[in-house]
Amino acid sequence: MPYTGEVTVGGPTDVRETPALTITKVATPPFENNCYLLRCTATGDTLLVDAAGDAPQLLALGGDRLVGVVETHNHWDHVQALAEVTAASGAPVLAHEADADDLPVPTDRRLVDGDVVEVGEVRLRVIHIEGHTPGSLALLYEGDPERPHLWSGDSLFPGGAGNTEKDAARFTALLDDLEAKVFGRLPDHTWVYPGHGSDTTLGAERPSLAGWRERGW
């Protein structure tokens, strides 16, 4: 079955195969968060993006080669399974330095903009996107010859930027970072994997940027 990015809690995972990276998307309860397992095809090493819920399922999908958990930000719905996953697997926790102290377990590696996270032979670049939280981050994979892949956490969704609780300064910071670091640098065919709901592409969202800024959310 071709990858669609459409998953539901209790339903099957959706899997995308690229030459060097296998991407598994799963929706977890209780808040219908998306979690992503990124497996290097050469080594089997697997990275989890957001330990949001259903630790037993995430551990089963990660197998015995879970080598790290990257938290895109510190909100509770994205970290509910973190303690159980790390206790069972021994996988280190990676998060942006501005959010690291608010996680329920110690952060093993504090990330900053431009850092590289490795999973096996695959390299992912950290993009700090301030606004949804002070330390929200995205992960970018550019090793697929067909398209870049971006895991955006809660900073970018189909139809808009992440929630900034009607704080004008936070919203401006978020839009500024998205425009400068994401839309300004990456092509339209970049695939976006958000923290909730369906996937999108930068090309689908780019025409709406001015409208988002005008509406203020």
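Quick notes
- Selection count, region 142-174, where residues are in a strand (DSSP E or B) and open to solvent by less than 10 Å² (accessible area, probe 1.4 Å): 7
- Scanning region 110-133 for residues that are open to solvent by 60 Å² or more (accessible area, probe 1.4 Å) and out of contact with any helix residue (DSSP H, G or I) (no Cβ under 9 Å at 6 or more places or on another chain) gives 118, 121, 123, 125.
- Exclusive hit being assigned to a loop (DSSP other than H, G, I, E, B) and surrounded by 22 or more Cβ atoms within 10 Å (Cβ to Cβ), set 86, 72: 72
- Of all residues in region 16-27, those that are open to solvent by less than 60 Å² (accessible area, probe 1.4 Å) and either over 20 Å from residue 156 (Cβ atoms) or of a type in the set (A, V, I, L, M) (or both) total 8.
- Residue in region 143-164 that is within 20 Å of residue 40 (Cα to Cα), in contact with a Lys or Arg (Cβ under 7 Å, 6 or more places away or on another chain), of a type in the set (A, V, I, L, M, F, W, C) and at pLDDT 95 or above present: no
- Condition check for residue 131: in contact (Cβ under 8 Å) with a residue 60 or more places away in the chain and assigned to a loop (DSSP other than H, G, I, E, B): no
The values are calculated or read from the model by the stated rules, or taken from the named source; none is laboratory data. All values derive from a computational prediction rather than experimental measurement. Here the Cβ is made from the backbone with ideal geometry for all residues, glycine too, and neighbour counts use every protein chain on show. Accessible surface is based on the protein model in full, side chains and every heavy atom, while ligands, DNA and RNA are left aside. Shrake-Rupley method; radii C 1.70, N 1.55, O 1.52, S 1.80 Å.
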